[in-house]
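What follows is calculated from the coordinates using simple rules that are stated; it is not laboratory data. Predicted model only: the values in this text are computed from it and were never measured. Cβ: placed from backbone, ideal geometry, glycine included. Neighbour counts: every protein chain shown.
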Amino acid sequence: MQKTFTVSGHTLSAHVEPKLQRFWDLLGTGRWEPATFEIFKKYIRPGAIVADIGAWIGPTALFAAHIAETVHAFEPDHAAFAALKKNIDLNPGLADRIILHNAALTNFDGTITMVSPGQAGMSESSTMRNHGDTSFNAKALDAKRVFAEELNDVEFIKMDIEGGEYDTIPAMADFIYNRNPIILLSLHPDRLGRDMNERQRKDYIRARTAAILQTFRGYGAAFRISPQGISPAPDIKRFLHGNTYVDPGDNLLLIP
């Protein structure tokens, strides 16, 4: 069924599958990640180049295309990508601004295995899962190469890739250092170290998370994103300027 939604002042059309009816209901009533769309409206410069890494079935890519000149939408899950393409095609006024990539951005070129706890296409497929109901191979692209050769003009990045960020962000270190993009980043520490004992896992999560944050050394502002809204995170900012490590939480906005 095709439906049209108004999200934070912008309209988008989508094919609503029964299995995702609840998601679309939440989106249509402003209850799905309202802070995400607030950030897009405030921090995506009109005419900018945007990368939506983990575009899923398209809500954020379509919204960003109302503002940006070009949106590069990356989605490796074959089922999600099929729905993403269908939804983009339902929005001819936005489709020309969106470039689709059926691939995972990671730290190498080749093929990568993804695992989903349920069926593919439900937003939880991850390169960091060892067990699940569904597994499949996807195209892998080296983020270091892609941002150096193809996406060097990206100004704003949204990344939500179910744990893949622990490999992808360090691979992008040169680009982040040289170009200072704004990034809306979701972290998934629950995907890490599941075969370790509690102490080992805690230390491992801390080390991997610190490696991500260190990529943004010198950034001027940090915010935590929660269901309650967007909150300044001066403790994260202090870490980015050389202070001791702090737990950043799961969703961050980092601004140069």
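Rg of the Cα atoms in region 173-231, relative to 2.2 N^0.38 Å, amounts to 1.35.
Computed on the chain, with alpha-carbon pairs under 8 angstrom and 6+ residues apart, the relative contact order is 14 percent. Report, in listed order, any pair from Lys85/Lys202; Lys3/Lys237; Lys41/Lys86; Lys158/Lys237; Lys19/Lys139; Lys42/Lys139 with a Cα-Cα distance greater than 30 Å. Over 30 Å apart, Cα to Cα: Lys85/Lys202; Lys3/Lys237; Lys42/Lys139. Between Asn178, Asn137, Asn107, the GNM of the chain built on Cα springs shorter than 10 angstrom shows Asn178 fluctuating the most.
Of all stretches in the chain that contain no trypsin sites (Lys or Arg not before Pro) in a DSSP loop with at most 15 other Cβ atoms within 10 Å, the longest one is 32-193. If you take all C-alpha pairs in region 1-66, what percent of them are over 20 Å apart? Here the tail beyond 20 Å accounts for 24 percent of pairs. For region 33-255, the orientation-averaged shadow of the C-alpha convex hull comes to 11.8 nm² (one quarter of the hull surface). In the chain, the DSSP-assigned H stretches of four residues or longer account for a calculated mean residue ellipticity at 222 nm of -9500 deg cm²/dmol, using -39500 (n - 2.57) per stretch and the full residue count as denominator. The antiparallel fraction among DSSP beta bridges confined to the chain stands at about 55%.
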